[in-house]
Amino acid sequence: MSAAAAPRCDQTIAWTALQGHFQAHGRGLDLREAFARDAGRFAGFSVQAPEVFADLSKNRWDATTRRLLVELAEACQLPARRDAMLAGEPINSTEGRAVLHTALRAPRGQGLFSAEVHEVLDRMLAFAERVRDVATSGITDIVNIGIGGSDLGPQMAMPALQAYSHPGLRLHFVSNVDGHDITPVLSQLRPERTLFIIASKTFTTQETMANAAVAREWFIAQGGQDIAKHFVGVTTNLEAAAKFGVTETFGFWDWVGGRYSLWSAIGLPIAIGIGSENFRAFLAGAHAMDSHFAEAPLADNLPVQLGLLDVWYRNFHGFTSRSVAPYHQGLKRFPAYLQQLEMESNGKCVDMAGQALPYGTSPVVWGEPGTNGQHAYFQMLHQGTDVIPVEFIAVKTPSHPHADLHTKLLANCLAQSQALMLGMTAAEAATESAPTASKTLDREVLSHHRSFPGNRPSSTLMLDALTPSALGALIALYEHRVFVSGAIWGINSFDQWGVELGKALCSQLLPRFGSGDAAGLDGSTAGLLAKLRG
Ligand SMILES: O=P(O)(O)OC[C@H]1O[C@](O)(CO)[C@@H](O)[C@@H]1O
């Protein structure tokens, strides 16, 4: 389908209806009253998707909101846009590319480019198994050198799947063009026991190429033998990888966006860590979510429901950020991963036709694992002046033996979403006994400090266990959710021109660090350059 055929979301009847509905009911919706009125609210606003159960009932919406949002999705031709993506149409219009990360997790013989995809997958998994045979390979340390989409996925997945990881292998991640990143990693390594994976879709990224060069110099200086055995490349630019001196290369394709690439050979560190069978389960979990996204009716389709909630909050309530709180330490890098996935995808201010948008797009996505976040920024979530929808992620069964700790963790998770919604009035707070330190304060004044507005929205996503398959499904859920909101906003979620200007200016500034030439620079940059050189 042609993207131009879809109307802009704010020019649809559904959008106008949502505006009216927001003024009449949405703005004033009180979650506590909504639950009191409707005993079936939890069931009515829950969705079971593959591996992921979602309680969406603590969100500020009702059946009419949901119906109108689905009408908006239909008016914006979301199903046709989704089908166009899945069919391999070049929906990434500014780069003239298809968007087919779903093909990477389709079972053999299904999906587009199946032969190519499974040829690389088989080869990469066979390689991973050879490395995992530590007694024969002699490898104990794997260093992934990559940044952005060539780093964040594997770096997020490895702690999440620690329970499935090879006990004799250590995985390291180097991304930043900052010697403070690579130096401590190199200091732990022995060349004959190390495998470097140079991961870069383009094989031109400054940070990755610079770190790869440092790694190679270090390897040679340490008396390392056989670079070909200890350096492998993962890239779409096989020529550049060969020039660097890498002979073993695992390719992928321009229809795999960097931030959607952990399913490709970019997932090699994951495959080495968890083994081929678990990696296949990881892909299968994502594929199950793909099928749900492709087939479930919009009203029962979890990525669609989450994407529509994002639109509802961003464009009608005016909430500008969303906080993600995974109650599982293994998901500690999940918010960082989502930051690239969501904000690099949907942080855009023009539509597909290049026209400036009059409405907001990507919210700021941020967060920390619970319960740590509770002792940091949750104060602001509960009592700050901004309303920030929170997404809790809970895992029913832990992979450790400390059942008591896990029960406490889950109780905290439920308590936080409960507290955000219920709040506490000043009158209720006044009946609570005041803390000793505040004995001198007037009781009524204190009650205002101790009250909570409540009615703060949250969603809770729940997994039975953090298995490879469940993690795959969870990530795919977020990928599709980002697609949904991006499609409604009419933007290209698959390019990232916003990172280019800084890269170009950096190239121009680099030689000035040597020469000190500040000609033509703005006063601030010239002043900072002089100070850094001085
Ligand atoms: O894999 P590459 O080509 O090194 O790119 C790394 C990252 O750089 C970006 O192009 C821009 O930050 C990301 O989209 C990408 O994931």
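Working from label points 7 Å from Cα in the Cα-to-Cβ sense, the Asp300 to His25 distance is 2.2 nm. Between the C-alpha center of the range 417-431 and that of the range 124-183 there is a gap of 46 Å.
Surface composition of the range 191-269: carbon plus sulfur atoms contribute 52% of the solvent-accessible area (1.4 Å probe, protein chains only, all chains present). Computed from Cα atoms, the angle from the helix 206-221 axis to the main principal axis of the chain rounds to 40 degrees. Using a probe radius of 1.4 angstrom, the carbon and sulfur fraction of the accessible surface of the range 435-534 is 62%. For the range 384-403 and the range 238-275, what is the centre-to-centre distance using only Cα atoms, to the nearest Å? Going from one Cα centre to the other spans 32 Å. With the gyration tensor restricted to C-alpha atoms of the range 34-81, the semi-axes of the equivalent ellipsoid amount to 23, 16, 7 Å, longest first. Entry comment: accessible area of the range 101-281 is 39 Å² per residue, from protein heavy atoms only and a probe of 1.4 Å. Calculated FRET efficiency, Arg108 to Val499, Cβ-Cβ distance, R0 = 30 Å: about 0.30 to the nearest 0.05.
Among beta bridges identified by DSSP and lying wholly in the chain, the antiparallel ones come to about 25 percent.
With a Förster radius of 45 Å applied to the C-beta separation of Ala221 and Ala87, the computed FRET efficiency comes to 0.30.
In this structure, Thr183 and Ala242 have a Cβ-Cβ separation that, at R0 = 35 Å, corresponds to a calculated FRET efficiency of about 0.80. Estimated purely from DSSP H runs of n ≥ 4, each contributing -39500 (n - 2.57), the mean residue ellipticity at 222 nm for the chain is -13500 deg cm²/dmol once divided by its residues.
Between the listed residues Ala299, Ala325, Asn372, the Cα displaced farthest toward the positive end of the dipole of the range 280-378, a dipole computed from Cβ unit charges relative to the Cα centre, is found at Asn372. Only Cα pairs under 8 Å and 6+ residues apart enter the sum, and on that basis the relative contact order of the range 1-158 stands at 16 percent. Taking the charge dipole of the chain about its Cα centre, with +1 at Lys and Arg Cβ atoms and -1 at Asp and Glu Cβ atoms, the residue from Trp15, Leu528, Gly514 reaching farthest to the positive side is Leu528. Just how far, in whole angstrom, is the range 1-74 from the range 285-347 if you go by their alpha carbon centroids? If you average the Cα positions of each part, the centres end up 15 Å apart.
Axis of helix 468-489 versus longest Cα principal axis of the chain: the two differ by about 70°, to the nearest ten degrees. Helix 500-515 and the longest principal axis of the C-alpha atoms of the chain enclose an angle of approximately 50°.
Contact order for the chain, expressed relative to its length and based on alpha carbon pairs under 8 Å spaced 6+ residues apart, stands at 19 percent.
For the range 236-279, just say rounded, prolate or oblate: build the C-alpha gyration tensor, square-root its eigenvalues into a ≥ b ≥ c, call rounded for a/c under 1.5, and beyond that prolate if a/b exceeds b/c, oblate if not. Oblate is the answer for the range 236-279, as a/c is 1.5 or above yet b/c matches or exceeds a/b. Its Cα centre serving as origin, the chain has a Cβ charge dipole (Lys and Arg +1, Asp and Glu -1) of approximately 640 debye.
Checking every one of the trypsin sites (Lys or Arg not before Pro) in the range 404-488 against DSSP loop status and a limit of 12 other Cβ atoms within 10 Å picks out Lys439.
By DSSP, the beta bridges lying fully in the range 301-416 are antiparallel in about 10 percent of cases.
The values are calculated or read from the model by the stated rules, or taken from the named source; none is laboratory data. Model, not experiment: these values are computed from the prediction. All Cβ positions, even for glycine, are placed from backbone atoms using ideal geometry, and neighbour counts span all protein chains on display. Just the protein is used for accessible areas: all its heavy atoms, side chains included, with ligands, DNA and RNA removed. Shrake-Rupley method; radii C 1.70, N 1.55, O 1.52, S 1.80 Å.
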